[in-house]
Amino acid sequence: MADTKTITTFTGKAQLFNADGAFAVSFYRPNTNPYSAAASNPVTVDGIPIESGSSLNIRQNVGDQDFSQYDIVFPGGAGDNMLYVIRIMPK
């Protein structure tokens, strides 16, 4: 089994996000912004909505890597655009 590292990235804008060879990718939408207490706006990843306080988790088979581009979209809302992307990467 390969050594791994975890990379966490925050985004608040619509974009194509590269998995860059990750073994696993998680997209986490928090309930609120810890700095302003504003609610998090709706977000979809490749058309899949992520509920507030929930994650979308994608894992590869052992030894496989993910080189996908994921389409992150914030359809709008009165709160803050917030999404954390956590990748498990080879060292």
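Since every read-out is calculated from the coordinates, none of them should be taken as a lab result. Treat the numbers as computed from the prediction; the structure is a model and nothing was measured. Note that each Cβ is placed from the backbone with ideal geometry, even for glycine, and that neighbours are counted across all protein chains shown.
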Say the dipole of segment 4-90 comes from +1 at the beta carbon of Lys and Arg and -1 at that of Asp and Glu; which of Pro90, Phe17, Asn57 then lies farthest toward its positive end? Pro90
Leading residue at positive end of dipole, the chain (Cβ point charges), from Ser68, Thr8, Val45: Thr8
Expressed in µm² per second, the diffusion coefficient of segment 14-61 from the Stokes-Einstein equation, with Rh the Kirkwood radius over alpha carbon pairs, at 20 °C and 1.002 mPa s, is 177
Counting Lys and Arg as +1 and Asp and Glu as -1, each charge on the Cβ, what is the dipole of segment 4-90 about the Cα centre in debye, to the nearest 20? 200
If you work out Rg/Rh (Cα atoms, Kirkwood Rh) from the coordinates, which of [x] 1.00; [y] 1.14; [z] 1.16 do you get? [x]
Over the chain, what is the relative contact order in whole percent, taking alpha-carbon pairs under 8 Å and six or more residues apart? 51
